[in-house]
Amino acid sequence: MAQNRIAIVTGATRLKGIGKAICTELARQGNDIFFTYFREYDKTMPWGVEDGEPELIQKEIEALGVRCAKMELDLGKTESAGLVLDQTEKLLGNPSILINNAAYSTQTDVNSLTAEELDKHYFVNQRGTILLSLEFIRRFKQEKFGRIINLTTGQSLGAMGTEIAYAITKAAIESFTRMIQHEIGFKNITINTVNPGITDTGWMDQETHDKFIHMAPRNRYGEPQDAANLIAFLASEKADWISGQTIHSEGGFFR
């Protein structure tokens, strides 16, 4: 009997988040799931998080008939990449899919951006993603199937003047995706980046909703499942010839 592929998904702390939707969609495709979460960050954000949400996510994944393990850690720390791979291998086996979904984001403009806040964005969004990707590549043992999928934002499509640190650190991941594709193709690993656009994960208040909804021609924002559907496709065998791309999945949203 063939074993399930193993997928690592970072940043799956909240029930309403994109990370959770990715985990459950990949599980529906028959992948075992290892996910990371970091409640300390979400508790400082306006949307918040309940302590038991990661456990509920794990139960929902396991109810789909696959194995699931999880780990809480700060991906901004240097040692985190190795710890994630160590635990995945120990609890589930050798992974063939990596989804870099975790992110750090606060409101930063030209007047409020500080060196400390820039570092916080850099350590998670840029350095953390790159280090985990490189660790995944170095340990990769699946001869014919490997996937890395990063998440970005729409900074290349329009200005994000109130989220400068977030936008510039995410932009680096698009460059990393283009550059590294040539170095890992011989291992049969594809790498792509997804911009899910403005997605309603529970962070949006009514004022924010009303501010941007006129830019959405289908009169709605993205849902976590929209991002999960695309990512699950890129993580499948059907996307074997797609690599080095940044895919903007915004439902016709215009800026």
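Points to keep in mind about this one:
- Qualifying residue in the stretch 57-67 (condition: closer than 30 Å to residue 185 by Cβ and not β-branched (Val, Ile, Thr)): yes
- Against the conditions (1) modelled with pLDDT of 90 or more; (2) over 26 Å from residue 240 (Cα atoms); (3) in contact with a Gly (Cβ under 9 Å, 6 or more places away or on another chain); (4) hydrophobic (A, V, I, L, M, F, W, C), residue 160 satisfies every one except (1).
- Pick from the stretch 241-252, criterion touching a Lys or Arg at 6+ places or on another chain (Cβ under 9 Å) and part of a loop (DSSP other than H, G, I, E, B), ranking: surrounded by the fewest Cβ atoms within 10 Å (Cβ to Cβ): 252
- Within the set 55, 72, the sole residue that is of a type outside the set (Lys, Arg), touching a Phe, Trp or Tyr at 6+ places or on another chain (Cβ under 8 Å) and loosely packed, with under 14 Cβ neighbours inside 10 Å turns out to be 72.
- Screening the stretch 205-231 for residues that are more than 13 Å from residue 151 (Cα to Cα) and among the small types (Gly, Ala, Ser) and picking the one that is farthest from the chain's Cα centre (by Cα) gives 216.
- Residue check for residue 201: crowded, with 19+ Cβ neighbours inside 10 Å, polar (S, T, N, Q), in contact with a helix residue (DSSP H, G or I) (Cβ under 7 Å, 6 or more places away or on another chain) and not in a loop (DSSP other than H, G, I, E, B): no
- Among the residues of the stretch 94-103, the ones that are crowded, with 17+ Cβ neighbours inside 10 Å and out of contact with any helix residue (DSSP H, G or I) (no Cβ under 6 Å at 6 or more places or on another chain) come to 3 in all.
- Any hit, the stretch 187-194, residues being closer than 20 Å to residue 44 by Cβ and either among the polar types (S, T, N, Q) or in contact (Cβ under 8 Å) with a residue 12 or more places away in the chain (or both): no
- Among the conditions (1) within 27 Å of residue 106 (Cα to Cα); (2) more than 18 Å from the chain's Cα centre (by Cα), residue 54 misses just one, which is (2).
- Elements of type helices (runs of 4 or more DSSP H) contained in the stretch 1-110, each with 3 or more residues being at pLDDT 95 or above and acidic (Asp, Glu): 53-62
- When the stretch 112-129 is filtered for residues that are surrounded by fewer than 13 Cβ atoms within 10 Å (Cβ to Cβ) and in a helix (DSSP H, G or I), the ones remaining, listed by number, are 115, 116.
Conditions tested, residue by residue: (1) touching a residue at least 60 places away in the same chain (Cβ under 8 Å); (2) farther than 20 Å from residue 174 by Cα; (3) touching a strand residue (DSSP E or B) at 6+ places or on another chain (Cβ under 6 Å).
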| site | (1), (2), (3) |
| --- | --- |
| 201 | yes, yes, no |
| 210 | no, yes, no |
| 214 | no, yes, no |
| 225 | yes, yes, no |
| 233 | no, no, no |
| 237 | yes, yes, no |
| 241 | no, no, no |
| 248 | yes, no, yes |
| 252 | no, yes, no |
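- The stretch 104-130, residues that are over 15 Å from the mean Cα position of the chain (by Cα) and of a type in the set (Lys, Arg): 120
The values are calculated or read from the model by the stated rules, or taken from the named source; none is laboratory data. These numbers come from a predicted model, not from an experiment. Ideal geometry is used to build each Cβ from the backbone, glycine not excepted, and the neighbour counts take in all protein chains shown.
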